[in-house]
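*Asks:* Starting off with a structure, shown below.
The values are calculated or read from the model by the stated rules, or taken from the named source; none is laboratory data. The model shown is predicted, which means the values in this text are computed figures rather than measured ones. Reconstructed Cβ throughout: ideal geometry from the backbone, glycine too, with neighbour counts over all protein chains shown. Quick note on the areas: whole protein, heavy atoms, side chains included, nothing else; ligands and nucleic acids left out. Shrake-Rupley method; radii C 1.70, N 1.55, O 1.52, S 1.80 Å.
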Amino acid sequence: MLANKTIVLGITGSIAAYKAAELASKLTQAGARVEVVMTESATKFIAPLTLRSLTGRLVVTSMWELNSEFSIEHIALAEAADILAIVPATANIIAKLAAGISDDMLCCTVLATKAPVILAPAMHADMFQNSITQENLAKLKARGFTIVDPAYGRLASGKMGLGRLAEVEEIIGTIKQVLGKSGDLAGKRIVVTAGGTQEPIDPVRHIGNRSSGKMGYAVAEAARDRGAEVKLIAAPTSLSEPAGIEVIHIKTAIQMNEAVAKATAQADGLIMAAAVSDYQPKSVAKAKIKKKESPSLTLELIRTPDILTEVKGNFLKVGFAAESEDVVANAKQKLEKKKLDLIVANDITDASSGFGADTNKVSLIDRNGNVDSLPLLTKREVADRILDRVVELLAKKARR
Ligand code: C5P
């Protein structure tokens, strides 16, 4: 989604400026045209040549030096932008923007653009928490600027505090979210589940499964990038929190059931990519179960709720079917039984597919019995193919 987008990357004078180089590089690699505008103080921290080399474009450092096609007419840069991101944003640029000052190329570009603006502040914690900075940020937020909040951690002063530049991946996630606001899922509320539930046996053990959560996270991120308001109900995974998505962390099937019921009270669609345990121990031992002489131990298991079958509401329901035999036939049965609009079936015996892999080979089966068998794709590509069908099915539902 970043391909062929013009991203104006404003860099201001903070020690975190070097991280803007990584951002510029990743955005360029994703196919975006990155136009860098640096303030004079930013050039003290990082060389314009670095950004020029990473983006393959001339870098604007002054309104008066003719070193860019945009130098003469700054309005052209403001007009060309699909999005403007200031990374890092110092207290100074935040104050100047809040006051409407336009004494350098970056301020002029922000004032002149109609494109959305993202600010990723980075500064000493005391400067960030100062009520002047907070008031300025609130003012900019109210005007529609998106703020990527700084993180807590070690600051350049050596002290710990809130002021570290957000992670580059989080900034990219926010850029995608903002760019996607006019996507084909704009205004839709989508609930996604991901990961494998864990059913406790005793305080240290649980019944789990091998789901990595990658498929569900990919669906959630793709929905976000297409403009949806996404709630992700996640069982434990090792994946990092995606930007622009409300993540609800749960562990057990019962907790997931409750979270799904709550989140879908106002939803247009539910996509259940989670591997929900079908059984849970009948009782959870209060203390750690000790090893005994007996060669066997019996655990009594009881059924967990079938979330997809139990959930109530007139929203679109998409399920997954991880099968090891008769994939399509078994998935069709599940679609009927769980009254789904669409089921995503995959053969988990295939190593390139399913648990833990970055790729997946699935068939999409709808209520009319149409079977669309997709080739081996990345999980993100699979996510987008599922969402193509979700968009189509939501439109059909609206016409009914
Ligand atoms: O019946 P099976 O577990 O194969 O169905 C898979 C689909 O049902 C998945 O979408 C999964 O998230 C969902 N599921 C559920 N509640 C369960 C078990 C599975 O919603 N207890």
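*Asks:* Any chance the range 206-215 includes a residue that's assigned to a strand (DSSP E or B) and either open to solvent by less than 80 Å² (accessible area, probe 1.4 Å) or away from the ligand (no atom under 14 Å from the Cβ) (or both)?
*Replies:* yes
*Asks:* Are any residues in the range 21-34 in a strand (DSSP E or B) and crowded, with 24+ Cβ neighbours inside 10 Å, and if so, which ones?
*Replies:* Val34
*Asks:* Let me ask you something else. Name the residues in the range 1-20 that are over 19 Å from Met105 (Cα atoms), within 26 Å of the chain's Cα centre (by Cα) and either outside the structural domain of Ala89 (by TED's automatic domain parsing) or surrounded by fewer than 24 Cβ atoms within 10 Å (Cβ to Cβ) (or both), would you? Spell out how you get there, then give the answer.
*Replies:* At the first step, the residues of the range 1-20 found to be over 19 Å from Met105 (Cα atoms) are 1-5, 15-16, 18-19.
In the following step, the residues that additionally are within 26 Å of the chain's Cα centre (by Cα) were identified as 1-5, 16, 18-19.
Residues satisfying the conditions are Met1, Leu2, Ala3, Asn4, Lys5, Tyr18, Lys19.
*Asks:* Out of Val148, Val178, Val192, Val117, I need the residue that is closer than 30 Å to Trp64 by Cβ and open to solvent by less than 40 Å² (accessible area, probe 1.4 Å). Which one?
*Replies:* Within the list Val148, Val178, Val192, Val117, the selection yields Val117.
*Asks:* Val110: modelled with pLDDT of 95 or more, closer than 22 Å to Lys19 by Cα and crowded, with 20+ Cβ neighbours inside 10 Å, yes or no?
*Replies:* yes
*Asks:* Please go through the range 357-393 and give me each residue that is touching a strand residue (DSSP E or B) at 6+ places or on another chain (Cβ under 8 Å) and open to solvent by less than 20 Å² (accessible area, probe 1.4 Å), ordered by number.
*Replies:* Across the range 357-393, the qualifying residues are Asn360, Val362, Ser363, Leu364, Ile365, Asp366, Leu374, Lys379, Val382, Ile386, Val390.
*Asks:* Within the range 42-60, track down each residue that is in contact with a helix residue (DSSP H, G or I) (Cβ under 8 Å, 6 or more places away or on another chain) and at pLDDT 95 or above.
*Replies:* Ala42, Phe45, Ile46, Thr50, Leu51, Leu54, Thr55, Gly56
*Asks:* Let me ask another. Go through (1) within 10 Å of the ligand (Cβ to nearest atom); (2) open to solvent by 30 Å² or more (accessible area, probe 1.4 Å) and name the single condition Ser294 misses.
*Replies:* Condition not satisfied by Ser294: (1).
*Asks:* Take the residues of the range 267-282 that are of a type in the set (Gly, Ala, Ser) and within 17 Å of Ala186 (Cα to Cα): which is farthest from the ligand (Cβ to nearest atom)?
*Replies:* That would be Ala267.
*Asks:* Does the range 81-111 hold any residues that are among the polar types (S, T, N, Q) and assigned to a loop (DSSP other than H, G, I, E, B), and which are they?
*Replies:* Residues satisfying the conditions are Thr90, Ser102.
The rows are residues; the columns are (1) acidic (Asp, Glu); (2) within 15 Å of the chain's Cα centre (by Cα); (3) not in a strand (DSSP E or B).
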| residue | (1), (2), (3) |
| --- | --- |
| Ser238 | no, yes, yes |
| Glu241 | yes, yes, yes |
| Lys251 | no, no, yes |
| Gln255 | no, no, yes |
| Glu258 | yes, no, yes |
| Ala263 | no, no, yes |
| Ile271 | no, no, no |
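*Asks:* Restricting to the range 306-347, and then to whatever is farther than 14 Å from Val192 by Cα and of a type in the set (Lys, Arg), can you tell me which residue is least open to solvent (accessible area, probe 1.4 Å)?
*Replies:* Lys338
*Asks:* Just the residues that are polar (S, T, N, Q), within 13 Å of the ligand (Cβ to nearest atom) and touching a strand residue (DSSP E or B) at 6+ places or on another chain (Cβ under 7 Å), please, taken from the range 241-266.
*Replies:* Thr252, Thr264
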